[in-house]
Amino acid sequence: RYETTAKQKLAARKRLDIKDDEFVVLGNGQVQPRKRLDIFVKMAKELPDVTFIWVGGIPFKQLGADYQAMKSLMENVPPNLKTVGIIPHEQVRDYLAVADVFCLPAEQENHPMCVLEAAGAGLPIVLRDIPEYTDTFGADAILCRDDTFTNAIKKLRSDTVAYARQQKKTQAIAKRFDSSEAAERLVKLYKQLV
């Protein structure tokens, strides 16, 4: 569902007014303290020649954790960071299509669907180094700490071999969590049990 051809990527970039040669890092999720949008802002400041896009907003407004601080953070991003806000899920596909890398610096997650969608789109995945991801994604994602996210993005942008290697690892994530692959594994298991 999220696979993107080169032609589709170019068309999506045209629709979203993103130049063909821009290197785009995409993040996705509700804006709340644990998602660490501040790390995204920090990366954008440290890499002014990279385009950063965060898809997501504060759906519960004042009921959201640290609402005023999160709202202020979204309103005061550097010029190379675009916060899209809450959009229909179908529009998220365009943002996945234009991206070169997916990055989620969240401190606490279980099994985020946005990572699986990004893997389906073939994007290298950069995540926070938390135990939940070690089990779920293993060595197929780049796992970072606060101070190593920027370097991970720099390497993916400048090292085509590292980028291609990470794309291959992303394919492993996509395959592992593809619903048809999972169904085949379950059928095989049931046949063994019978």
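The values are calculated or read from the model by the stated rules, or taken from the named source; none is laboratory data. Since the structure is predicted, the reported quantities are computational estimates derived from the model, not experimental observations. Here the Cβ is made from the backbone with ideal geometry for all residues, glycine too, and neighbour counts use every protein chain on show. Ligands, DNA and RNA are excluded from the accessible area calculation, which covers all protein heavy atoms including side chains. Shrake-Rupley method; radii C 1.70, N 1.55, O 1.52, S 1.80 Å.
What the table below lists for this structure:
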| quantity | calculated |
| --- | --- |
| Selection count, segment 1-38, where residues are of a type in the set (Gly, Ala, Ser) and loosely packed, with under 14 Cβ neighbours inside 10 Å | 1 |
| Evaluation of Leu96 against (1) under 21 Å from Phe23 (Cα atoms); (2) in a loop (DSSP other than H, G, I, E, B); (3) under 16 Å from the mean Cα position of the chain (by Cα) (one fails), failing number | (2) |
| Qualifying positions in segment 153-167 - at pLDDT below 95 and in contact with a strand residue (DSSP E or B) (Cβ under 6 Å, 6 or more places away or on another chain) | none |
| Unmet requirement for Lys19, which otherwise passes all of (1) of a type in the set (Lys, Arg); (2) free of Cβ contacts under 8 Å to residues at least 40 places away in the same chain; (3) part of a helix (DSSP H, G or I) | (3) |
| Residue ID - farthest from the chain's Cα centre (by Cα), chosen from residues in segment 79-93 that are under 23 Å from Asp20 (Cβ atoms) and open to solvent by less than 20 Å² (accessible area, probe 1.4 Å) | Leu81 |
| Segment 101-152 - residue that is modelled with pLDDT under 90 and among the polar types (S, T, N, Q) and, of those, least open to solvent (accessible area, probe 1.4 Å) | Thr136 |
